[in-house]
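Right, one structure below, let's go through it.
The values are calculated or read from the model by the stated rules, or taken from the named source; none is laboratory data. Just so we're clear, the structure is a prediction, and the values are computed from it rather than from any experiment. Every residue, glycine among them, receives a Cβ derived from its backbone with ideal geometry; neighbour counts consider all protein chains shown. To get the accessible areas, we keep the full protein, side chains included, count just its heavy atoms, and leave off ligands, DNA and RNA. Shrake-Rupley method; radii C 1.70, N 1.55, O 1.52, S 1.80 Å.
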Amino acid sequence: MDATAVVNGPKDAEDWYGIDWDQAERDVRRLRQRIFAASQEGDLKKVRNLQRLMLRSRANALVSVRRVTEVNAGRKTPGVDGKVALLASQKADLADWCQRRSRLWTARPVRRVLIPKPGSAKKRTLGIPVIADRALQAMTVSALEPEREARFEPRSYGFRPGRGCHDAIAAIFWTVAGSRTKRRRALDADLKAAFDHADHGHILRQLGTFPRQGADRRVAEGRGDRGRQARPDRGGHPARRRDQPVDLRHRAPRDGGGRRGRLPVESLPGSGIGDPGHPGAGEVCR
């Protein structure tokens, strides 16, 4: 592959297939680990500089576009604009747009559809953003997630990269099996309509000086009713958004109690771990 394709990104379909994806993922992982380490050290200035670098990173744009167009199960489902990116040339154009020309982009309304709720006659709302917003959300998560992971609650296992049900089960086992355990109680609780009543203003305040580059518009995006006319946003988040797990953690930040160690390799885009649909999502142990 021509060296210019690595620096400037793919120019056509042939270049897209010739990208060194292992190298691109290593670049993203290395930068995420640097953000994680700087956040642990409390160096906010360095964190923000690295996050700006991540948001401008060509590797981050490529990996994010690949994730939403090739890895995600909903890659063939369009948003309100009816567009998908299935051809290599379309993916290359989307990656180039995300990196170079998305600064003035305004988030589009999501397409809202009702799907059956398992084990119930009720239906739940599924929000489907346009493909461009999905890619930008994935890029933003790569920059924001490592900072929050370094300082978040160490005994929380839902909506976390590199964590799942097995971690919660192990924590419960070692707590209950201990000889010093006096009270053994299990509490099963559910946050009713957690995303339906999310406070956008509170989440944006938690972002602080994060280099948003339109993140505020993506958080407060509107909704559309089954692909028809969009209505103004009335709060809450549509289900299955790319940045949904990070948004939930921003509603109740726990600074100062974060775990120690390196950012897990499994937190790379494309792993699926930490996604709302992952088997470990929603399992929380405190």
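Shape class of the range 146-218 from the alpha-carbon gyration tensor: prolate, with a/c at 1.5 or above and a/b greater than b/c.
Using the Karplus relation 6.51 cos²θ - 1.76 cosθ + 1.60 with θ = phi - 60°, the per-residue 3J(HN,Hα) values for the range 194-201 come to 4, 7, 5, 10, 5, 8, 4, x Hz, with x marking Gly and Pro. Taking the average, over residues, of other Cβ atoms within 10 Å as the packing measure, peptides 85-98, 19-32, 182-195, 130-143 rank 130-143, 85-98, 19-32, 182-195 from highest down. Can you bin the range 84-164 into rounded, prolate or oblate? Criterion: square roots of the alpha carbon gyration tensor eigenvalues sorted a ≥ b ≥ c, rounded for a/c under 1.5, prolate for a/b above b/c, oblate for the rest. The shape class here is oblate. Accessible surface ranking for 157, 17, 1.4 angstrom probe, highest first: 17, 157.
Towards the positive end of the charge dipole of the range 57-174, with charges on Cβ (+1 Lys, Arg; -1 Asp, Glu), say which of 146, 98, 85 has the farthest Cα. Positive-end residue among those listed: 85.
Apply the a/c threshold of 1.5 to the C-alpha gyration tensor of the range 7-126 and tell me whether it is rounded, prolate or oblate. The shape class here is oblate.
The alpha-carbon of residue 122 sits under 25 angstrom from the alpha-carbons of these lysines, leaving out residues fewer than 8 places away in its chain: 192. Amide H contacts of residue 157: 285, each under 5 Å away and 5 or more positions distant or on a separate chain (H built 1.01 Å from N in the peptide plane; Pro and chain starts excluded).
When you count, for each residue, the other Cβ atoms within 10 Å and take the mean per peptide, how do 100-112, 198-210 rank with the highest first?
100-112, 198-210
Using C-alpha pairs under 8 Å with a sequence gap of at least 6, the mean separation divided by the residue count of the range 102-143 gives a relative contact order of 34 percent. Of the listed residues 128, 172, 115, the order by accessible area with a 1.4 Å probe, largest first, is 172, 115, 128.
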